[in-house]
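The values are calculated or read from the model by the stated rules, or taken from the named source; none is laboratory data. Note that the structure is a prediction, hence the values are computed from the model and not measured. A quick note on method: Cβ atoms are made from the backbone with ideal geometry, for glycine too, and the neighbour counts reach across all protein chains shown.
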């Protein structure tokens, strides 16, 4: 078992990574001190892994909330559903909420845990690649609003993240590809060696080879844990983790969270961020091409036919990173070197959106 720590003083917590740990006796015992546990999962994941988790959590009182699967269900209404179950079962402030699923389940369950009685214990058990490399780590919780992605939420750090890499054997190929977008992001923001490793080993990842997946999960968590430890509330460096996300979130919101997996939208956003970085004179044409090619090799699209430039820009303008009416973007000076700025030519943004959004390619 590989163990990392997110160093946040008294709120520090471990990330445990191994195959088969979800049902391994003693692992969850050490991480879940509560007697009463609410498990939040979805209709896809629960039939696969809730039985083993239930055995691992004995003799605790366990209640489960099974939500519909998909980004469209990451709503305040479903947070209310989780809270209703907590209240109906008389769960106290010493209970725990455990998220069993991908990023949607983790974000929603975490927000419910942050809200219930002003905050109860929360444990992440991510079952998708995207959640294991990114969304389960760092304490960002929340839900979507029709006007924008993750506009409603709170910071609420988990007590532990338990990543069972065996769950990736049941992950659909589309979900695996979507998770790779977040791994590519880590290479782009601060680890050129990781990006080069991805270029060399992408086929192994797409084939689901356990050793390759374990490597990128560990390295991604190392990067995110270090950044979160230095900037928990996204006052500076942590904002770099949003590379590609301002474009991607706009794409998700513009399509009502129905058409794109989050990682798919991020993949398109990474290509747009690279292209804009080149248009601004920061990134070489060769490096912009490397980004686009790797995203496309991962099976992700880099051109968005269903959403036009005007709709993209409208949604980007209500992104959480907008300040003083200016859309702040994470851009690249090179592979492994990202920075945030609102000082860019508006023409470069318009050129990028026109090249990547709307109409036939």
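When 221, 280 are checked against the criterion of being touching a strand residue (DSSP E or B) at 6+ places or on another chain (Cβ under 6 Å) and modelled with pLDDT of 95 or more, a single residue qualifies: 221. Of the residues making up segment 324-361, those that are touching a residue at least 24 places away in the same chain (Cβ under 8 Å), part of a strand (DSSP E or B) and within 24 Å of residue 234 (Cα to Cα) are 329, 330, 331, 332, 333, 334, 337, 338, 339, 340. Considering only residues that are out of contact with any helix residue (DSSP H, G or I) (no Cβ under 7 Å at 6 or more places or on another chain) and touching a residue at least 24 places away in the same chain (Cβ under 8 Å), which ones fall in segment 30-41? Once the filter is applied, which keeps residues that are out of contact with any helix residue (DSSP H, G or I) (no Cβ under 7 Å at 6 or more places or on another chain) and touching a residue at least 24 places away in the same chain (Cβ under 8 Å), segment 30-41 yields 31, 32, 33, 34, 35, 36, 37. One residue alone among 19, 46 is buried (at least 21 other Cβ atoms within 10 Å of the Cβ), within 23 Å of the chain's Cα centre (by Cα) and modelled with pLDDT of 95 or more, and that residue is 46.
Restricting attention to segment 55-103, the residues that are under 24 Å from residue 129 (Cβ atoms) and part of a helix (DSSP H, G or I) add up to 6. Look at (1) over 21 Å from the mean Cα position of the chain (by Cα); (2) at pLDDT 95 or above; (3) under 25 Å from residue 151 (Cα atoms) and you find that residue 290 fails only one, number (3).
Looking across segment 141-169, the residues that are surrounded by fewer than 24 Cβ atoms within 10 Å (Cβ to Cβ), over 20 Å from residue 21 (Cβ atoms) and out of contact with any helix residue (DSSP H, G or I) (no Cβ under 6 Å at 6 or more places or on another chain) come down to 145, 146, 147, 150, 151, 152, 155. If only residues of segment 298-307 that are surrounded by 16 or more Cβ atoms within 10 Å (Cβ to Cβ) and out of contact with any strand residue (DSSP E or B) (no Cβ under 6 Å at 6 or more places or on another chain) are counted, the one that is farthest from residue 257 (Cα to Cα) is 298. Would you call residue 124 in a helix (DSSP H, G or I) and either buried (at least 24 other Cβ atoms within 10 Å of the Cβ) or in contact with a helix residue (DSSP H, G or I) (Cβ under 9 Å, 6 or more places away or on another chain) (or both)? Considered against the rule, which asks whether it is in a helix (DSSP H, G or I) and either buried (at least 24 other Cβ atoms within 10 Å of the Cβ) or in contact with a helix residue (DSSP H, G or I) (Cβ under 9 Å, 6 or more places away or on another chain) (or both), residue 124 comes out as no.
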